[in-house]
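Data first, discussion second: the structure below is written as structure tokens.
Each value in this text was obtained by applying a stated rule to the coordinates, not by laboratory testing. All of these numbers come straight from a predicted model, not from anything done at the bench. Here the Cβ positions follow ideal geometry from the backbone for every residue, glycine too, while neighbour counts run over all protein chains shown.
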Amino acid sequence: MKSLINVTLSILLVCGLLAFVAAKLDTSNAAGGDGVLTIYNWGEYIDPDLIKQFEEETGITVIYETFDSNEAMLTKIRQGGSAYDIAVPSEYTIETMVDEDLLIEIDHAKVPNLQNIDPYYLDLPFDPANKYSIPYFWGTVGVVFNRAQLPDHLTFDTWEHLWDPALKDKVFLVDGSREVIGMGLNSLGYSLNSRDDQQLREATEHLKALDGNVKAIIGDEVTPLMINNEATVAVTFSGQAADMMWENEDLDFAVPQEGSNLWFDNMVIPKTAQNVEGAHKFINFMLDPEVSAQNADYVGYATPNKAAMAILDEEVVTDERFYPSEEMRTNLEVYENLGLEMLGVYNEYFLEFKMSLQ
């Protein structure tokens, strides 16, 4: 009898373990698979109604997570703990992800709407032939400013206007080493991809002269500050500036003539993807002209979708502050992948600058 009881207990134990494993598998499957698409994107970077529309059209449930920097996104994908089906990194980060074999090649046959993208934004050096990435948005780094609170001579057609004594305690800077050190380099006529330590030192020393003018180095909170007239000048991204200007008619935006950053954010499929088929469907969906136009209208950044531009208001797509002409783009540079060592140098100079502010 004792032997029979032991056998019965063993069977019950095995059944319990099997039930536990099955439950864990069900939980795991809920986070990914054919019926679920997990997207990793920047905050406020898609019209939520489009996510609902995609779910309704495909029957796929979307899990949407956000990040606030390329570095944070890259670190999480490197760790491999989260199975993202779509991510939206910037150009130099895409190059890094390709080098580290973190991405799946995109099957262009499954993305017929790729034909809607302006060829200007395809086959760029960071991803030749767009093997691993598909354009999402593009833009610039520049200066948004409140015309009603500033003297007329400050138009920010030059970076040097940021150093003007009239801007004491009025300037906000974006919290990014590439953007701020790049601004310092551009203001001296150097490339924002400079690897020359002497140029980087000069740029940092020049930035330190901003000490009295810099009010803070901040992130997305600059938007409500500018909208509500609590701040006067900010170095920021073009789409963020467009959002501010939509809410406050006293605001304007300029890209200084010495040059600045021309950036591209593209959609990629990480190797951790659990729903590759769904990822292709989502990319193709976002390239639909109506969808792209709606998204650009909501987000405020420039679309690379030529067919969508024909739908958007002409006033929007002809505004060279946000859709600079090809001639204007000759003074703009795309961030290069500097490598971990040189990126560390930029971060060190940026930290030195921040610590110098009183």
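So the values come out like this:
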{"read-out": "Other-chain or far-sequence residues with amide H under 5 Å of L103's (modelled H)", "value": "K271"}
{"read-out": "Relative contact order for the chain, counting Cα pairs under 8 Å that sit 6 or more residues apart, in percent", "value": "26 percent"}
{"read-out": "Fewest-first sequence of D243, D196 by Cβ atoms within 10 Å of each Cβ", "value": "D196, D243"}
{"read-out": "The chain shape via C-alpha gyration tensor axes, a/c threshold 1.5", "value": "prolate"}
{"read-out": "Sum of -39500 (n - 2.57) over DSSP H runs of 4+, divided by residues of the chain (222 nm, nearest 500)", "value": "-12500 deg cm²/dmol"}
{"read-out": "Of the DSSP H helices in the chain, those whose Cα atoms cover at least 20 Å axially and whose Kyte score averages 1.0 or more", "value": "2-30"}
{"read-out": "FRET efficiency, 1/(1 + (r/R0)^6) with R0 25 Å, evaluated for Y120 and E320 via beta carbons", "value": "0.95"}
{"read-out": "Listed residues G184, L74, N146: farthest to the positive end of the dipole of the chain (Cβ charges)", "value": "L74"}
{"read-out": "Cross-link pairs beyond the 19 Å C-alpha cut-off, checked among K131/K281; K76/K110; K170/K208; K76/K281; K52/K131", "value": "K76/K110; K76/K281; K52/K131"}
{"read-out": "Amide hydrogen neighbours beyond the local backbone of F67, cut-off 5 Å, H modeled", "value": "N41, W42, G43"}
{"read-out": "Estimated FRET transfer efficiency (Q198, A109; beta-carbon r; R0 41 Å; 0.05)", "value": "0.25"}
{"read-out": "At most 16 other Cβ within 10 Å, DSSP loop - GluC sites (Glu not before Pro), segment 77-160", "value": "E100, E105"}
